[in-house]
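The values are calculated or read from the model by the stated rules, or taken from the named source; none is laboratory data. Everything quoted here is computed from the prediction, not taken from an experiment. Neighbour counts are summed over all protein chains in view; Cβ atoms, including those assigned to glycine, are modelled from backbone coordinates with ideal geometry.
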Amino acid sequence: MRIDKFLNAVNITKRRAVAEDMLEHKVVFINDQAVKKAKEVKVGDIIEIKYLEKSEKFKVLQIPVTKSTPKSKIEEYVQRID
């Protein structure tokens, strides 16, 4: 699954357009490399989002098969790393 679709599907971003904008401005990294929106996400990848004042890291546990998932199921797809 593409990174822009993944961020939206697992509710890390509210809309896919927001994910695309973040990718365009190079604030999303997979395994410490800035990526474009067409980058494929794989199980085990570490996604880092660098905000102005903080950064968040997530480990990909599984790839969703649907376009969206309930917010209560986010832990099945990503694990937040401190």
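Being acidic (Asp, Glu) and modelled with pLDDT under 95 is the filter here; which residues of the range 33-54 pass it?
Hit for the range 33-54 is 53, nothing else.
Mind checking which strands (runs of 3 or more DSSP E) fall wholly inside the range 32-82 and carry at least 2 residues that are surrounded by 15 or more Cβ atoms within 10 Å (Cβ to Cβ)?
Here the list reads 46-50, 55-60.
If residue 13 satisfies every condition in (1) in a helix (DSSP H, G or I); (2) surrounded by 11 or more Cβ atoms within 10 Å (Cβ to Cβ) but one, which is the exception?
Condition (1) is where residue 13 drops out.
Within the range 34-65, which residues are touching a strand residue (DSSP E or B) at 6+ places or on another chain (Cβ under 7 Å) and farther than 18 Å from residue 23 by Cβ?
43, 44, 59, 61
Please go through the range 16-31 and pick out each residue that is surrounded by 15 or more Cβ atoms within 10 Å (Cβ to Cβ) and among the β-branched types (Val, Ile, Thr).
Selection gives 27, 28, 30.
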